[in-house]
1. With in contact with a Leu (Cβ under 9 Å, 6 or more places away or on another chain) and of a type outside the set (D, E, K, R) as the only criterion, which of GLN24, GLN45 stands out?
2. What about GLY237, is it surrounded by fewer than 16 Cβ atoms within 10 Å (Cβ to Cβ), out of contact with any Leu (no Cβ under 6 Å at 6 or more places or on another chain) and in contact (Cβ under 8 Å) with a residue 40 or more places away in the chain?
3. Are there any helices (runs of 4 or more DSSP H) wholly within segment 1-74 with 1 or more residues that are in the same structural domain as GLY91 (by TED's automatic domain parsing), under 19 Å from LYS114 (Cα atoms) and in contact with a Ser or Thr (Cβ under 6 Å, 6 or more places away or on another chain), and if so which?
4. Surrounded by 14 or more Cβ atoms within 10 Å (Cβ to Cβ), within 18 Å of HIS122 (Cβ to Cβ), at pLDDT 85 or above and in contact with a Cys (Cβ under 7 Å, 6 or more places away or on another chain): which single residue out of ALA4, ALA59 fits that description?
5. Quick check on segment 74-92. Is at least one of its residues within 27 Å of ALA136 (Cβ to Cβ) and among the polar types (S, T, N, Q)?
6. Select from segment 176-220 the residues that are farther than 27 Å from GLU279 by Cβ and touching a residue at least 24 places away in the same chain (Cβ under 8 Å) and list them in ascending order.
7. Look at segment 303-336 and say how many of its residues are more than 27 Å from LEU192 (Cβ to Cβ), surrounded by 12 or more Cβ atoms within 10 Å (Cβ to Cβ) and at pLDDT 80 or above.
Amino acid sequence: MASAEGAVSRVTRASLNNLTLELQTDSELSQFNRMKKIDAIHHVQRYIVDRSATAGSCAFFRIVCNVMDGVLVACIAALLDAPLWAQVLAGFVFALVVGVLSVLLRPRMSGSFKPLDAMLRHHRIVGVAVALTPFARIGSDAVNKRVAREAELSDDEELEKLQREQGRATIDRLAESGEVDPEVSEMLRNVLTLSETLTREIMVPRTDMICIEKGQSLGAMLKLCSRSGFSRVPVIGDDVDDLIGIAYLKDAVRATAFNTSALTRPVDSIVREPLLVPESKPVDDLFHQMQKQRQHVAVVVDEYGGIAGLVTIEDTIEQIVGELEDEHDRTQHAEPVKVGDRKWKLPARTPIADLEEMFEIDMDEDDVDTVYGLLTKALGRVPIVGASAVTRGLKLTAVDSAGRRKKVSTILVEPAGLNDESETERDARHDSHHDADDDETPKENHDR
């Protein structure tokens, strides 16, 4: 009864159907044995329709049997004309021994390890227990209604949720025992949470997407990839929602490497069909879809069909192994650095209040909180390395990027009158510098 009680909550309909299919295609089994095993499977299928009732019936009979052990021993002591105190003591001691043996043998755990085998082996006695305890369904119906009202899960979904919780508990015990490396245990925990994490939680939002307009040339795309560090760029029309496709750096290089005249070709001549995924898609399903379709980048759409953001296969892998970086990635500066007279290199996340204190000015900005936000607002687009803008008498220039997403990490801030070089001249000089700098070659497998 204990073994069946532990097994009934872990047997799935899919495992029973797969076993039936295996038996039907097993040519080595005789017809009699095949029908006998299939009949046992049909019985188990009926028992798991209401798992709570079946488990309750098994638990009831297990408790009754434990009680009857002591009662029967007390009765035997009475038949032997033992005094009353000896009868009670004999029954109590025997019941205690049976309880200790149950704890040591752990029959419920054996049912949990191989639930399908346990249910098939004990299906007859489970059937007797279910038939003799119709009252077990009363409490089961109340439990099922409460669970359905709170979680709105199907029977198999409820079982999967239970198994995930048990998996987390097992990983926690392994981590506490010290037998598993902490980083490995953390990755195992992350694997269990993939199905609960939605694509919208890991995507790059549309406000941070680096895009190129369809009318731009392949030469402009090569410069954009060199400056941004991305090798896959969305191609758009009038706005971000007007998505044309995805342009790949390797396609642009292939088209222009031996044909310099192709640098003037429009970028939409090399676009590829984008992979569109809903923002509510679980990350594990997203990973399998991208793996199956051999796509490294996908465009995320919201419920209204608009572009919500961009996601890559590296984003899904990072949910398991943590942040991915390579030899070209720089770490963000932790502290502001003074590089000249009233010239500062500031981390992108430096609060505007610190900027006001350094230059003794009042910015009066309510809708942005950081230097990066101030530069983004002044430009009207996502800044990349080399982009600059003047606001509130200060010139802000993005001079460094960090991380796999190549987000601007360091911003040079100086009074606007110290350097009259225009943004166009700076961009042209910066582009030529990057074309000759091998260290700035974008990663082939980087996705944006």
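The values are calculated or read from the model by the stated rules, or taken from the named source; none is laboratory data. A quick note: this is a predicted structure, and the numbers were derived from the prediction, not measured. Heads up, the Cβs are rebuilt from the backbone with ideal geometry, glycines too, and the neighbour counts pull from every protein chain shown.
1. Selected residue: GLN45, the only one of GLN24, GLN45 that is in contact with a Leu (Cβ under 9 Å, 6 or more places away or on another chain) and of a type outside the set (D, E, K, R).
2. no
3. Numbers: elements: 2-8, 13-24, 31-47.
Filter on segment 1-74 gives 2-8, 31-47.
4. That would be ALA4, the only listed residue that is surrounded by 14 or more Cβ atoms within 10 Å (Cβ to Cβ), within 18 Å of HIS122 (Cβ to Cβ), at pLDDT 85 or above and in contact with a Cys (Cβ under 7 Å, 6 or more places away or on another chain).
5. Among the residues of segment 74-92, not one is within 27 Å of ALA136 (Cβ to Cβ) and among the polar types (S, T, N, Q), which makes the answer no.
6. Across segment 176-220, the qualifying residues are GLY215, GLN216, SER217, LEU218, GLY219, ALA220.
7. So the answer is 3.
Yes/no per residue for (1) assigned to a loop (DSSP other than H, G, I, E, B); (2) more than 29 Å from the chain's Cα centre (by Cα); (3) modelled with pLDDT under 90; (4) outside the structural domain of LEU310 (by TED's automatic domain parsing):
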site: GLY215; (1), (2), (3), (4): yes, yes, yes, no
site: PRO234; (1), (2), (3), (4): no, no, no, no
site: VAL240; (1), (2), (3), (4): yes, no, yes, no
site: ASP251; (1), (2), (3), (4): no, yes, no, no
site: ASP268; (1), (2), (3), (4): no, yes, yes, no
site: ASP284; (1), (2), (3), (4): no, no, yes, no
site: MET290; (1), (2), (3), (4): no, no, yes, no
